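Q: Input: one structure, supplied below.
The values are calculated or read from the model by the stated rules, or taken from the named source; none is laboratory data. These numbers come from a predicted model, not from an experiment. Positions of Cβ are generated from backbone atoms using ideal geometry, with glycine treated the same way; all protein chains shown enter the neighbour counts.
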Amino acid sequence: MSGYAALVTGAARGIGRGIALALAAEGFAVAVNDLAHDAELEQTLGEARVRGVDAAPVIGDVSDLGVHARLLDAAEAALGPLSTLVNNAGVGALRRGDLLDVTPASYDRCHAINARGMFFLSQAWARRVLARERAAERHHSIINVTSSNAEAASISRGEYCVSKAAAAMVAKLFAVRLAPFGIGCYAIQPGLIETALTAPVLAEYRRRIAEQGLTLVPDVGQPGDIGSIAAALATGRLAFCTGQVLHADGGLLLPHY
């Protein structure tokens, strides 16, 4: 995919890394964003470069709206015009517990990173894309990584659910706004994915999958599974689609009896 370049936020590990590497395998140059240029981010960069593409670190906190222009400038200075923005950076609740005990600090943190930052980074990216000439044959897209909890209520982390529901709406809003310009916007809703974020509860979920059939596919997903979906979206292989929500959850949310 010569000439394609993507910025992936929160890409030092987990789902973000899975997406960055899947895009690299498709020939995308990738800008890898996270809070620090640490060993994990360097690993993502190294694995992307092994796939034969350019990869650049772009360090910054997406919840800080003041750095968005710098993040986009740095990515494009290193890789050229960005064809794809992947809003993956996200956090969970500061502490799981009773819905009646949720604190404003935890609520605001989830919203600032999971929804507010995503909204305004999408806005900043869209403004610059619309301001320049684009090759008609090159697919442009915004891909938002949300969660099954955008739909499924989990009262032990209500603030997280609210932020992910907002993130899902961000994808729909930008899909409506940008469709006339040939820019696709999508939401991927991962279910139970094996990452550092889910590590503390993964054994319990695997037990429920085995004993209760929690998911139709009898296992948890992997970051690369989400990466393969993002790659299909970013390359435009899902033709005549925008605003779609893709449930990458092994059938977790599918009503059945």
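Q: Cβ-Cβ under 6 Å, sequence separation 6+ or interchain: first residue in region 180-196 and surrounded by fewer than 24 Cβ atoms within 10 Å (Cβ to Cβ), partner of a type in the set (V, I, T) and in a loop (DSSP other than H, G, I, E, B). Which pairs?
A: Taking only residues 6 or more apart or on different chains, the pairs are L192/V220; E194/V220.
Q: Tally up the residues in region 64-93 that are surrounded by fewer than 20 Cβ atoms within 10 Å (Cβ to Cβ) and either of a type in the set (K, R) or within 12 Å of G10 (Cβ to Cβ) (or both), please.
A: Matching residues across region 64-93 total 2.
Q: Out of G18, G46, which single residue is at pLDDT 95 or above, on the phi < 0 side of the Ramachandran plot and buried (at least 24 other Cβ atoms within 10 Å of the Cβ)?
A: Among G18, G46, only G18 is at pLDDT 95 or above, on the phi < 0 side of the Ramachandran plot and buried (at least 24 other Cβ atoms within 10 Å of the Cβ).
Q: List the helices (runs of 4 or more DSSP H) that sit entirely inside region 151-257 and contain at least 3 residues that are among the charged types (D, E, K, R).
A: Result: 158-178, 199-212.
Q: Identify all residues within region 208-237 that are surrounded by fewer than 18 Cβ atoms within 10 Å (Cβ to Cβ), closer than 24 Å to A12 by Cβ and of a type in the set (A, V, I, L, M); write none if there are none.
A: Hit for region 208-237 is A232, nothing else.
Q: For the condition more than 16 Å from I19 (Cβ to Cβ), in contact with a helix residue (DSSP H, G or I) (Cβ under 7 Å, 6 or more places away or on another chain) and either touching a residue at least 24 places away in the same chain (Cβ under 8 Å) or surrounded by fewer than 16 Cβ atoms within 10 Å (Cβ to Cβ) (or both), what is the one hit in S154, S141?
A: Selected residue: S154, the only one of S154, S141 that is more than 16 Å from I19 (Cβ to Cβ), in contact with a helix residue (DSSP H, G or I) (Cβ under 7 Å, 6 or more places away or on another chain) and either touching a residue at least 24 places away in the same chain (Cβ under 8 Å) or surrounded by fewer than 16 Cβ atoms within 10 Å (Cβ to Cβ) (or both).
Q: Which of the residues spanning region 7-62 are acidic (D, E) and over 24 Å from F119 (Cβ atoms)?
A: E26, D38, E40, E42, E47, D54
Q: Another question, if that's okay. Please tell me if D101 is surrounded by fewer than 18 Cβ atoms within 10 Å (Cβ to Cβ), among the acidic types (D, E) and closer than 21 Å to V145 by Cβ.
A: Considered against the rule, which asks whether it is surrounded by fewer than 18 Cβ atoms within 10 Å (Cβ to Cβ), among the acidic types (D, E) and closer than 21 Å to V145 by Cβ, D101 comes out as no.
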